[in-house]
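Working notes, structure below.
The values are calculated or read from the model by the stated rules, or taken from the named source; none is laboratory data. The model shown is predicted, which means the values in this text are computed figures rather than measured ones. As a convention, Cβ positions derive from the backbone with ideal geometry for all residues, glycine included, and neighbour counts pool all protein chains shown. These area figures cover heavy atoms from the full protein model, side chains too; ligands, DNA and RNA do not enter into them. Shrake-Rupley method; radii C 1.70, N 1.55, O 1.52, S 1.80 Å.
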Amino acid sequence: MENEARRILEFLGLSERLKRELRHSWLSDGRRESVAEHTWQMALVALLAYRHLEHPVDIGRVLKIILVHDLVEALAGDIPYFEVGERKQLKAERERAAIEEIRIRVAGDTGQEIFELWHEFEAHATAEARFATALDNLEVQIQHNLADFGTWEPIEYDLVYTKMDARCSHDAFLTALCNAVKAQAEAKMVGAGIDVASIRARVAGR
């Protein structure tokens, strides 16, 4: 019993890094978002949205998946979606190694459960994993919409139209939520003087 208590505390020392690991997202007060904050917001959106889904999910399992989906970043770090180069190329390999290390550190049934939940998320094969994946993409844009427009990179204008749709297309409510998030993003871009029509045309022409 004492060994298990110590093991939990040791792992919490590792997972605390997610409170300090910063993402390429800013909060409305100008501070960068942490991985832990992204995870919390995803979980909240899940709780708010799951009853409206066209295809029901086990919300308990969804919340477990969300809770562990970025644990690997405590070891592997966060890499922006649009980054290119060696770090991006090695991302999948480093994350697979990280989840194996986490499984060993936590140990027992709990370590195995975390390992399996992470792989379920990565495989996108279950309704719960598809819902979590959609929220992972939606939350990024929701946070961008809340942040000052000066924090947006030009490449992120196109991502409004290319990053979320495919992950939400399997469910009518997620599609509606995606469209609402896009409308919010477009209003922000228009307010900043961005020619939204030209961005739409460029993306459609690809």
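Cβ under 15 Å from Ala166's Cβ, Ala166 left aside: what net charge do those residues give with Lys, Arg +1 and Asp, Glu -1? It would help to have the intermediate numbers written out before the result.
Details: positive: Arg130, Lys163, Arg167, Lys182, Arg206; negative: Asp136, Asp158, Asp165, Asp171.
Its environment carries a net charge of +1.
Cross-link candidates for Lys91: which lysines have Cα within less than 30 Å, leaving aside residues fewer than 8 places away along the same chain?
Lys91 reaches Lys19, Lys64, Lys163, Lys182.
What full-extension length gain, to one decimal in nm, is calculated for Arg17 and Leu44 as 0.36 nm per residue of separation minus the Cα-Cα distance?
7.6 nm
Using a 1.4 Å probe, how large is the accessible area of Asp148, given in Å² and rounded to the nearest 10?
The accessible area of Asp148 comes to roughly 100 Å².
Keeping all protein chains in place and using 1.4 angstrom, which order do Phe149, Phe131, Phe173 fall into by accessible surface area, from largest down?
Heavy-atom accessible area, descending, gives Phe173, Phe149, Phe131.
Compute the distance in nm between two label points, each set 7 Å from the Cα along the Cα-to-Cβ direction, one at Glu86 and one at Leu9.
Result: 3.9 nm between the two label points.
Given the DSSP H assignment, sum -39500 (n - 2.57) over each helix run of at least 4 residues in the chain and divide by its residue total; what's the result at 222 nm in deg cm²/dmol, nearest 500? All intermediate terms of the calculation are to be shown ahead of the outcome.
Numbers: 13 runs with 144 residues, N = 206.
Here the helix-only value at 222 nm equals -21000 deg cm²/dmol.
Within a Cβ distance under 9 Å of Val35, other residues only, what is the Lys/Arg minus Asp/Glu net charge?
-2
I want the local charge near Tyr157. Using Cβ-Cβ distances under 12 Å, sum +1 for each Lys or Arg and -1 for each Asp or Glu among the other residues.
So the environment of Tyr157 carries a net charge of 0.
What fraction, in whole percent, of alpha-carbon pairs in the range 70-206 exceed 20 Å separation?
Value for the range 70-206 (Cα pairs over 20 Å): 57 percent.
From the square roots a ≥ b ≥ c of the eigenvalues of the alpha-carbon gyration tensor of the range 96-139, which class results: rounded (a/c under 1.5), prolate (a/b over b/c), or oblate?
Prolate.
Treating the beta-carbon of each Lys and Arg as +1 and of each Asp and Glu as -1, no other charges, what is the dipole magnitude of the chain about its Cα centre, to the nearest 20 debye?
Numbers: 26 positive and 35 negative charges, 78 e Å.
Using Cβ point charges on Lys, Arg, Asp and Glu, the chain gives about 380 debye.
Using the per-residue mean of other Cβ atoms lying within 10 Å as a proxy for protection, in what order, highest first, do the peptides 133-144, 35-46 fall?
Numbers: 133-144: 22.6, 35-46: 19.6.
Per-residue mean Cβ counts within 10 Å order the peptides as 133-144, 35-46.
Which of rounded, prolate or oblate describes the range 1-93 when judged by the alpha-carbon gyration tensor and an a/c cut-off of 1.5?
Because a/c hits 1.5 or more and a/b fails to exceed b/c, the range 1-93 counts as oblate.
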